[in-house]
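S.K.: Before I ask anything, let me first share the structure, which is written out below as structure tokens.
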Amino acid sequence: MLRFPSECPDRMPISVNGKRLEVESGERLIDVLNRSNTAVPQVCYHPQLGPIQTCDTCMVEVDGKLARACGTLVSDGMQVVTASPRAGAAQREAFDRILGNHLLYCTVCDNNNGNCTVHNTTAILRVEHQEIPYSPKPYSVDLSNPFYRYDPDQCILCGRCVEACQNLQVNETLSINWEDPHPRVQWDGGAPIGESSCVSCGHCVTVCPCNALMEKSMLGEAGFFTSLPKAAIDGMIDVVKGIEPEVGYGAILELSEIESAMRQGQVKRTKTVCTYCGVGCSYDIWTKGRHILKVEPEHGPANGVSTCVKGKFGWDYVNSPDRLTKPLIREGEKFREATWDEALNLVARRFAEIKAEDGPDSLAFVSSSKCTNEESYLMQKLARAVIGTNNMDNCSRYCQAPATTGLFRTVGYGGDSGSIADMEQAALVVIIGANAAENHPVLATRVKRAHKLRGQKLIVSDLRKNEMAERADVFLRPRPGTDLYWISAVTKYIFDNGLAKQSFLDRWVNGVAEYRESLAPFTLELASQRCGLPMETLTTVARMIAEAQSMCVLWAMGVTQHVMGSDTSTAISNLLLVTGNYMRPGTGAYPLRGHNNVQGASDHGAMPAFFPGYQKVDDAEIRAKFEKAWKVTLPAKPGLDNHLMIDGIHDGRVKAMYVFGEEMSMVDSNANYVSAALAKLDFFVMQEIFFTDTCRYADVILPASPSLEKEGTFTSTERRIQRLHQAMEPLGDSRPDWRIVQDIANRLGAGWSYKNPKEIYQEIAPLTPLMAGVTYERLEGYKSLQWPVAEDGTDQPLLYSTKFNFPDGKARLFPVPWSEPSNQQDAEYDLHLNNGRLLEHFHEGNMTYRSEGIKAKTPCTFVEVSPELATERGIQTGSWVQLTSPYGKVRAQAVVTARVQGKELYMPMNSVEEPVNRVTSSYTDKVTHTPAYKETSVHLAVLGEKGENPLPRTNSRFGHPTPQKGVEVERKWKRQDYSQPGNELVQIKTR
Ligand code: SF4
Ligand code: SF4
Ligand code: SF4
Ligand code: FES
């Protein structure tokens, strides 16, 4: 049902209630009516879902005939009447049918918050009494999902939830059994929600226009009377039913509107930005004191009404009893609580002593990709301007630095070249080494729906058959670490067969001849042998890429976390250049950023070689600019990155470290080596919200505040800068990170006086050409900016629209040779271990394990084993296995699944007890030192015991989706008891 907007902007006149309106060809009539403030009821219509046409409440007269305004496209000279007696009667008849499915008990309903569509339509239509009596459905309430419930008795069968699940989230779980005598919404065709394929993304709950689908966190909490015992509420509902014939709905609604207005005094709605992945979903979070009532997405520029389970339901960690609320100081093997003064004084004193004894480069700083831009800026300013070292990094070193390098080499900016909207409109999307449906779920929905509804083509290259691979038109399963080879071979084939975009290369690209020459070794034959891919598949892929009108390539850690991660990223960008897939909507390079603010942490200078905005620390002119602004002398030599910091500790160069919001002891590769380094530090400061594994090595632990307790900005994968606002006070004595960093700096004599993050940004913008025009005012509410932002506030959703970011405006093809992956299998370590995230958990799970619902769905990590390997080694689902590498051991239970094949294993990283990084190595990408996490060989030993499946039956992967076109309203229209309203005039009483 969802329609993509017309691309033809022809304007034409129509008449609405006798008034002439200018409209665009292809517009929906309902959008025109809404834009012109013409009141028309519309229960099932949602602009982000498109016309569903189930409710019939939007009936209007079009050229003398009744028609649904949502399902009607405007045409030249169309005559529309919205308020004729005939249209009005049809609208009321349609709504009366809805009330037959829904009991109006607004005053004792948790959804009575001013935005209930059913309530508001009752008021708009001035309904006094209903003709069709309410009748409950013969089904019970479904409470089996941990996060939301479905009440069939309140369900008006509008189908918004179905449309959202089928065609926006594209999980294809929901449907309505229209042919049943008592239709209802079904999960997997009739399973309990908690045992279905539902991924708990919450789209359905968000778009439900009434209380049929509701967040459990709202129930009994949102209203003044809704926490009363059920018997009392039932009694009140009976009273309302009893007086309705006498007083009418008007008086009853007035009472409920008073109660709704009173709620505003206790319910706070705060716009925030998701703190999990890099998609950058933004939404209102509703709170009552510290209780989180719900997350309500609607206006997010990246996500609209979309979320995934983490953003919608994964906020329990904020109120976890495990939160750190007091500074802690080590005493022997234990920690004791301390005052802020004592802790901060100790930190400042030890930093000053170590600097005096061993020099500024004996200290190292790691900023958090979970924290704000302003906080990363202050952290690097502390390192550079106060301590005097460039030993400053963030976790982009672990994931995205190679992608940034590939883009710096070829096109000049280290960021996505367009927006999620470009991915949606591309003719072809290629995903390489990225599990987007689990790691960037909302972004993946846009690709899934373009693929499902618009015929977008999809090529996926991955070791593992993930959801996007299941959906792909072509799925490649290359040998680990060989993507560079097939990408270069496909590029060579395109050149050799005259399929390159020569006019684009001539006008916009340097180094074509040298690059083409460098491709000589990359024949399809050799690619086929090295990568283990059939020649025909490679030819098909090359042809699809060359013939596509527009192509976006998405990639992530399956590419970057290899010794040749930078080179493979470069090869991707080379391919995009050769095929002319830059500089246009629907094209470009998209390295998918992992953390919510990993892009922003790098953009704002938390890197060893760059000031904010990727300005080089070894450029004298740039340094002079920062020296003048900060009134200090700055170090000229680039500092140590994360990886070298650990080596530096081992070899005695680094004595002290200050880390915030980063679980280094587990997320760094070769975790045992990293932990041993942390244990060696003379002085280690951790700033965290929980006592994490890394905290065990600290000397001082400073309690910080998560995003809901502070102001600031995040930058998402689209280079989109968005503001987050404070929803609640910091818990206990915890403090926002920017305040803590400032307090330390001032104890070291910095003299900073930032009163809030806005003042910090006012310092950043003039120093950073990339962000010159970023102001808090320009980011008010749901406004956002995609860098680079000119001083006048002009931003660039599409990079390179007029030139590439090099002095001559041209891109550069950058030859990249083949290099073998490290750490390959041998007789002892004979299996390849892949690793990554799971949909439900973020990384090791420090935040997500604090959500009981998430924990129930995915309680622990596990090892995926292919059916063939399971047979060979006698492994069953539930068998305990031990994986050993030269670096360490981990134990986990096996899950036998065809998602992996042959000698491939996959272990999700969500474990604090058995982190996969105990077995990963210290090999790194040659250019950026990003660990080669994906190049790990292990020996597998089957342990004696066998337990249950580590994934409970309630995990969504065991469900059975029911894909269909959408709501399939035509099936409703075929029912014997259906007739279009307005055909038989029903007199509904109104005020
Ligand atoms: S996947 Fe589940 S939560 Fe998401 S829209 Fe579908 S039914 Fe609703
Ligand atoms: S549960 Fe679905 S069909 Fe029922 S009222 Fe809500 S959105 Fe409409
Ligand atoms: S897709 Fe990413 S940003 Fe959006 S809600 Fe999920 S975790 Fe948050
Ligand atoms: S709003 Fe048009 S049919 Fe429901």
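The values are calculated or read from the model by the stated rules, or taken from the named source; none is laboratory data. Given the structure is predicted, the values throughout are model-derived calculations rather than measurements. Every residue, glycine as well, gets a Cβ built from its backbone with ideal geometry; the counts of neighbours run over all protein chains shown. These accessible areas exclude ligands, DNA and RNA; they are computed on the full protein's heavy atoms, side chains included. Shrake-Rupley method; radii C 1.70, N 1.55, O 1.52, S 1.80 Å.
S.K.: Identify, please: which residue in segment 175-196 is open to solvent by 20 Å² or more (accessible area, probe 1.4 Å), part of a loop (DSSP other than H, G, I, E, B) and in contact with a Ser or Thr (Cβ under 8 Å, 6 or more places away or on another chain) and is, among those, farthest from residue 449 (Cα to Cα)? I'd like the intermediate steps shown before the answer.
M.R.: Taking segment 175-196 and keeping what is open to solvent by 20 Å² or more (accessible area, probe 1.4 Å), we get 177, 179-182, 184, 186, 188-192, 195.
Next cut, part of a loop (DSSP other than H, G, I, E, B) only: 177, 179-182, 184, 188-190, 192.
Of the ones still in play, those that are also in contact with a Ser or Thr (Cβ under 8 Å, 6 or more places away or on another chain) are 188-189, 192.
Working: 188: 19, 189: 21, 192: 25 Å.
Only one residue tops the list, namely 192.
S.K.: Taking the conditions exactly as written (in contact with a helix residue (DSSP H, G or I) (Cβ under 9 Å, 6 or more places away or on another chain), more than 20 Å from residue 583 (Cα to Cα), away from ligand 1 (no atom under 16 Å from the Cβ) and among the small types (Gly, Ala, Ser)), does residue 421 satisfy them or not? I'd like the intermediate steps shown before the answer.
M.R.: Working: in contact with a helix residue (DSSP H, G or I) (Cβ under 9 Å, 6 or more places away or on another chain): yes; more than 20 Å from residue 583 (Cα to Cα): no; away from ligand 1 (no atom under 16 Å from the Cβ): yes; among the small types (Gly, Ala, Ser): yes.
Spelling it out, it is not the case that residue 421 is in contact with a helix residue (DSSP H, G or I) (Cβ under 9 Å, 6 or more places away or on another chain), more than 20 Å from residue 583 (Cα to Cα), away from ligand 1 (no atom under 16 Å from the Cβ) and among the small types (Gly, Ala, Ser).
S.K.: Scan the strands (runs of 3 or more DSSP E) fully inside segment 877-991 and keep the ones with 3 or more residues being open to solvent by 30 Å² or more (accessible area, probe 1.4 Å) and in contact with a Ser or Thr (Cβ under 9 Å, 6 or more places away or on another chain). Walk me through how you get there before you give the answer.
M.R.: On the way: elements: 879-885, 888-896, 904-908, 936-946.
By residue number, 936-946.
S.K.: If you go through segment 11-35 one residue at a time, how many are farther than 21 Å from residue 51 by Cα and not in a strand (DSSP E or B)?
M.R.: Residues flagged as farther than 21 Å from residue 51 by Cα and not in a strand (DSSP E or B) within segment 11-35 amount to 2.
S.K.: Continuing with this model, one more query. Output the residue which, of all residues in segment 463-490 that are within 20 Å of residue 521 (Cβ to Cβ) and among the charged types (D, E, K, R), is least open to solvent (accessible area, probe 1.4 Å).
M.R.: 483
S.K.: Select from segment 68-87 the residues that are under 23 Å from residue 132 (Cα atoms) and surrounded by 20 or more Cβ atoms within 10 Å (Cβ to Cβ) and write down the one among them that is farthest from ligand 4 (Cβ to nearest atom).
M.R.: Once the filter is applied, the top-ranked residue is 87.
S.K.: Any idea how many residues of segment 285-301 are within 18 Å of residue 164 (Cβ to Cβ), within 13 Å of ligand 3 (Cβ to nearest atom) and open to solvent by 10 Å² or more (accessible area, probe 1.4 Å)? If you could, list the steps in order and put the result at the bottom.
M.R.: Step one: of segment 285-301, the residues within 18 Å of residue 164 (Cβ to Cβ) are 294-300.
With within 13 Å of ligand 3 (Cβ to nearest atom) added as a condition, the list becomes 295-297, 300.
Within this subset, residues satisfying the condition of being open to solvent by 10 Å² or more (accessible area, probe 1.4 Å) are 296.
So the answer is 1.
Residue-wise test of (1) among the charged types (D, E, K, R); (2) at pLDDT 90 or above.
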site: 844; (1), (2): yes, no
site: 858; (1), (2): no, yes
site: 865; (1), (2): no, yes
site: 869; (1), (2): no, yes
site: 889; (1), (2): yes, yes
site: 895; (1), (2): no, yes
site: 916; (1), (2): no, yes
site: 926; (1), (2): yes, no
site: 940; (1), (2): no, yes
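S.K.: Given the structure, is residue 227 within 39 Å of the chain's Cα centre (by Cα) and either within 19 Å of residue 159 (Cβ to Cβ) or crowded, with 20+ Cβ neighbours inside 10 Å (or both)? Can you show your working first?
M.R.: Numbers: within 39 Å of the chain's Cα centre (by Cα): yes; either within 19 Å of residue 159 (Cβ to Cβ) or crowded, with 20+ Cβ neighbours inside 10 Å (or both): no.
So residue 227 does not fit the description; no.
S.K.: Then there's this: Is at least one residue of segment 52-60 within 16 Å of ligand 1 (Cβ to nearest atom), modelled with pLDDT of 95 or more and of a type in the set (A, V, I, L, M, F, W, C)? If you could, list the steps in order and put the result at the bottom.
M.R.: Taking segment 52-60 first, the residues within 16 Å of ligand 1 (Cβ to nearest atom) are 52.
Of the ones still in play, those that are also modelled with pLDDT of 95 or more are 52.
The next check asks that each one be of a type in the set (A, V, I, L, M, F, W, C); those that pass are 52.
Yes, the conditions are met somewhere in segment 52-60.
S.K.: Let me ask you something else. Residue check: is residue 439 more than 21 Å from residue 584 (Cβ to Cβ), in contact with an Asp or Glu (Cβ under 8 Å, 6 or more places away or on another chain) and among the polar types (S, T, N, Q)?
M.R.: On the way: more than 21 Å from residue 584 (Cβ to Cβ): yes; in contact with an Asp or Glu (Cβ under 8 Å, 6 or more places away or on another chain): no; among the polar types (S, T, N, Q): yes.
Here the answer is no, as residue 439 does not meet what is asked.
S.K.: What is the number of the single condition among (1) farther than 27 Å from residue 305 by Cα; (2) of a type in the set (A, V, I, L, M); (3) part of a loop (DSSP other than H, G, I, E, B) that residue 39 does not meet?
M.R.: (1)
S.K.: Can you pull out the residues in segment 419-444 that are closer than 20 Å to residue 546 by Cα and either in a loop (DSSP other than H, G, I, E, B) or within 15 Å of the chain's Cα centre (by Cα) (or both)?
M.R.: Residues of segment 419-444 that are closer than 20 Å to residue 546 by Cα, as a first pass: 422-432.
If the condition is that a residue be closer than 20 Å to residue 546 by Cα and either in a loop (DSSP other than H, G, I, E, B) or within 15 Å of the chain's Cα centre (by Cα) (or both), then 423, 426, 427 are the ones that fit.
S.K.: A follow-up question, please. Is it true that some residue in segment 495-518 is open to solvent by 20 Å² or more (accessible area, probe 1.4 Å) and at positive phi?
M.R.: Yes, there is a match, as at least one residue in segment 495-518 is open to solvent by 20 Å² or more (accessible area, probe 1.4 Å) and at positive phi.
S.K.: Restricting to segment 757-768, give me the number of residues that are touching a strand residue (DSSP E or B) at 6+ places or on another chain (Cβ under 8 Å) and either open to solvent by 60 Å² or more (accessible area, probe 1.4 Å) or without any contact (Cβ under 8 Å) to a residue 24 or more places away in the chain (or both). Outline the logic, then answer.
M.R.: Taking segment 757-768 and keeping what is touching a strand residue (DSSP E or B) at 6+ places or on another chain (Cβ under 8 Å), we get 757, 761, 767-768.
Within this subset, residues satisfying the condition of being either open to solvent by 60 Å² or more (accessible area, probe 1.4 Å) or without any contact (Cβ under 8 Å) to a residue 24 or more places away in the chain (or both) are none.
Residues that pass the stated criteria total 0.
S.K.: Quick one: is residue 855 charged (D, E, K, R) and either in a strand (DSSP E or B) or touching a residue at least 24 places away in the same chain (Cβ under 8 Å) (or both)? Show your work before the answer.
M.R.: Numbers: charged (D, E, K, R): yes; either in a strand (DSSP E or B) or touching a residue at least 24 places away in the same chain (Cβ under 8 Å) (or both): no.
The answer is no for residue 855.
S.K.: Which residue pairs have Cβ atoms under 7 Å apart, sit 6 or more places apart or on different chains, and have a first residue in segment 138-165 that is within 16 Å of ligand 3 (Cβ to nearest atom) and a second that is open to solvent by 40 Å² or more (accessible area, probe 1.4 Å)?
M.R.: What qualifies is 147/216; 148/216.
S.K.: Same structure again: In segment 17-29, which residue that is of a type in the set (A, V, I, L, M, F, W, C) and crowded, with 22+ Cβ neighbours inside 10 Å is farthest from ligand 1 (Cβ to nearest atom)?
M.R.: Step one: list which residues in segment 17-29 are of a type in the set (A, V, I, L, M, F, W, C), which gives 21, 23, 29.
This time we only want the ones that are crowded, with 22+ Cβ neighbours inside 10 Å, so: 23, 29.
On the way: 23: 32, 29: 28 Å.
Ranking the candidates gives 23 first.
S.K.: Now, a different point. Quick one: would you say residue 172 is within 24 Å of residue 446 (Cα to Cα), in a loop (DSSP other than H, G, I, E, B), away from ligand 4 (no atom under 16 Å from the Cβ) and open to solvent by 10 Å² or more (accessible area, probe 1.4 Å)?
M.R.: On the way: within 24 Å of residue 446 (Cα to Cα): yes; in a loop (DSSP other than H, G, I, E, B): yes; away from ligand 4 (no atom under 16 Å from the Cβ): yes; open to solvent by 10 Å² or more (accessible area, probe 1.4 Å): yes.
Yes; evaluated as a whole, the condition is true for this residue.
S.K.: If you don't mind, there's one more thing I want to ask. Among (1) without any contact (Cβ under 8 Å) to a residue 40 or more places away in the chain; (2) over 30 Å from residue 182 (Cα atoms); (3) open to solvent by 30 Å² or more (accessible area, probe 1.4 Å), where does residue 47 come up short?
M.R.: Condition not satisfied by residue 47: (2).
S.K.: OK, next. Every residue in segment 188-233 that is within 15 Å of ligand 1 (Cβ to nearest atom) and free of Cβ contacts under 8 Å to residues at least 40 places away in the same chain, please.
M.R.: Selection gives 190 alone.
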